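First comes the structure, then the notes that go with it.
The values are calculated or read from the model by the stated rules, or taken from the named source; none is laboratory data. Computed from a predicted structure; not experimentally measured. Cβ placement follows ideal geometry from the backbone for every residue including glycine, while neighbour counts extend to all protein chains displayed.
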Amino acid sequence: MSATEPRALSSQRSGPLIGRTRVPGDKSISHRALLLGALATGKTRIEGLLEAEDVLNTAGAVSALGAIARRTGSGWEVLGRGVGGLAEPSSPLDFGNSGTGVRLTMGAIAGHPMTVRLLGDASLSRRPMRRVLDPLQQMGLEVLEGGETLPLTIRGTADLVPIFYRLPVASAQIKSAVLIAGLHAAGETTVDTVATRDHTERMLRHFGARVRVERRGEREAITVGGDAELMGRDVVVPGDPSSAAFLAAAALIVPGSEVSIEGVLVNPTRAGFYQTLREMGGDVSLRNEREEGGEPVADIMVRSSRLSGVRVPAERAPSMIDEYPILAVVAAFADGVTRMEGLAELKVKESDRLGATAAGLAANGVATRVEGDCLIVSGQGMVRGGGKVATHMDHRIAMAFLTLGLASDRPVSVDDAGMIATSFPEFRELMTRLGAQFIEGAVR
């Protein structure tokens, strides 16, 4: 648990949230910048890297593999080893709670003739790894110990085989692991998938890889050239839209609020949450739209709004998979029913987020139910609150229900706020600056 967060934390109704703020750098891009910097030749400079536990664990793994990642002044640098140039670590790589970090690193290890043991915390050690290992084993990776979950011991090879792989589920992590492994193969590796976040493809091009994307209706085939030579680059990491989602949600549901969140990533593959807020009647607008480091960026202006329930189609899930807990909180304050479809992936995140979200809403007097992979929230325009929410060691569940308490009639408590530091250590500080009120410990 982070030393700066109490184990239990409560939030209570506040006055309007007002101000301009910035959120930390995007977690997905931060992981990829470190890892591709390690596989590049020369120095990669990174501005705006998210300095949260998940990303710092990836930085530690990169350094243990011989490509030193270190803080320098206001930014970070990675001294790359080139594709195929990483070294066998002298001890296991511990990724803490970072599923992205461990899965993408598996793709990098696959192309090296070395044996590596991979570890994680209790939460990560329950999450599935087989669906990432299956395609990597087709390419030549060996699993020496374990298989379904961490801990794992794997061995890579300098003779990876290129493959064509059709993703069984929409997962940017699986896609990215296979494409990163494909950098080491002799020939072209292709992943066929429905649209998922495309940060890996964008960043691979930025580092000099040969990448081709062919769209076929609702699916796309992404091909990466093997025997790749990447060169160190400068990377500017924009604000994380998943972190910004909590501030945007709070501004929508706390009466009289007006908040501007500056420099946020607005990549279309990550924008489903903000599209849904507008469909619900939310006053959400993009200002100062621009491009930074190959990614679209904008300032997000949000004002409190009267909201209505909507249907959120399954095909939107890949563009907002991390935002469903906070969307469910927003839906609790809307008028009418919000139906969120296609949420099977939420069951294998840091926790069973689908079940945890439904249970947290019910504990606070919100009518909700789960039907298969759908979450249905019956909003009444207000929330009673007063509940204590079990977070199941999940940072997004903790932040979502602390946001709920800011507009509820009674305070809302979460049993463990320590895990917030895995992705958004500044959450409480930024919210407080805008006018939010938190109470240490659980409120009875």
Next item on the list: Return yes when PRO296 is part of a loop (DSSP other than H, G, I, E, B), of a type outside the set (Lys, Arg) and in contact (Cβ under 8 Å) with a residue 24 or more places away in the chain and no when it is not.
Entry: no
Next item on the list: State all residues of region 267-293 that are part of a strand (DSSP E or B) and either among the basic types (Lys, Arg) or on the phi > 0 side of the Ramachandran plot (or both); if no residue qualifies, say none.
Entry: ARG287, ASN288, ARG290
Notebook entry, point to check: When the residues of region 192-223 are filtered to those that are assigned to a strand (DSSP E or B) and among the charged types (D, E, K, R), which remaining residue is modelled with the lowest pLDDT?
Noted result: ARG216
Note to self: Just checking, does region 414-430 include any residue being part of a strand (DSSP E or B) and under 24 Å from the mean Cα position of the chain (by Cα)?
What the structure shows: yes
Next item on the list: Name the single residue, out of those in region 403-413 being assigned to a loop (DSSP other than H, G, I, E, B) and surrounded by fewer than 24 Cβ atoms within 10 Å (Cβ to Cβ), that is nearest to the chain's Cα centre (by Cα).
Entry: PRO411
Check: If you check every pair at least six apart or on different chains, which have Cβ atoms under 9 Å apart with a residue in region 135-164 that is free of Cβ contacts under 8 Å to residues at least 24 places away in the same chain first and a residue that is outside any strand (DSSP E or B) and among the polar types (S, T, N, Q) second?
Finding: GLU142/THR157; VAL143/GLN137
Notebook entry, point to check: When both residues are 6+ apart or on different chains and their Cβ atoms are under 8 Å apart, which pairs have a first residue that lies in region 98-110 and is more than 16 Å from LEU160 (Cα to Cα), and a second that is at pLDDT below 95 and of a type in the set (Gly, Ala, Ser)?
Noted result: THR100/SER28
Check: Out of the residues in region 194-210 that are crowded, with 20+ Cβ neighbours inside 10 Å and without any contact (Cβ under 8 Å) to a residue 60 or more places away in the chain, which is farthest from the chain's Cα centre (by Cα)?
Finding: ALA209
Next item on the list: Please identify the pairs in which a residue from region 34-54 that is in the same structural domain as ALA181 (by TED's automatic domain parsing) has its Cβ atom under 6 Å from the Cβ atom of a residue that is among the acidic types (Asp, Glu), counting only partners at least 6 apart or on another chain.
Entry: LYS43/GLU77; ARG45/GLU77; ARG45/ASP234
Margin query: Out of the residues in region 361-402 meeting the condition of being of a type in the set (Gly, Ala, Ser) and closer than 18 Å to ALA249 by Cα, tell me which one is surrounded by the most Cβ atoms within 10 Å (Cβ to Cβ).
Written below: ALA400
Check: How about region 316-341: which of its residues are under 29 Å from ALA122 (Cα atoms) and either without any contact (Cβ under 8 Å) to a residue 12 or more places away in the chain or surrounded by fewer than 19 Cβ atoms within 10 Å (Cβ to Cβ) (or both)?
Finding: GLU341
Check: Which one is nearest to MET431 (Cα to Cα) among residues in region 351-368 that are modelled with pLDDT under 95 and out of contact with any His (no Cβ under 6 Å at 6 or more places or on another chain)?
Finding: ARG353
Note to self: Checking the structure you have, find out if any residue of region 293-304 is surrounded by fewer than 17 Cβ atoms within 10 Å (Cβ to Cβ), of a type in the set (Lys, Arg) and touching a helix residue (DSSP H, G or I) at 6+ places or on another chain (Cβ under 9 Å).
What the structure shows: yes
Next item on the list: Kindly check whether there is at least one residue in region 225-242 that is outside any loop (DSSP other than H, G, I, E, B), touching a residue at least 24 places away in the same chain (Cβ under 8 Å) and of a type in the set (D, E, K, R).
Entry: yes
Notebook entry, point to check: Right, THR21: in the same structural domain as GLY405 (by TED's automatic domain parsing), within 24 Å of the chain's Cα centre (by Cα) and either modelled with pLDDT of 95 or more or not polar (S, T, N, Q) (or both) or not?
Noted result: yes
Note to self: Could you check region 246-296 and list, in sequence order, the residues that are over 28 Å from ALA314 (Cβ atoms) and not charged (D, E, K, R)?
What the structure shows: VAL254, PRO255, GLY256, SER257, VAL259, SER260, GLY263, ASN288, GLY293, GLY294
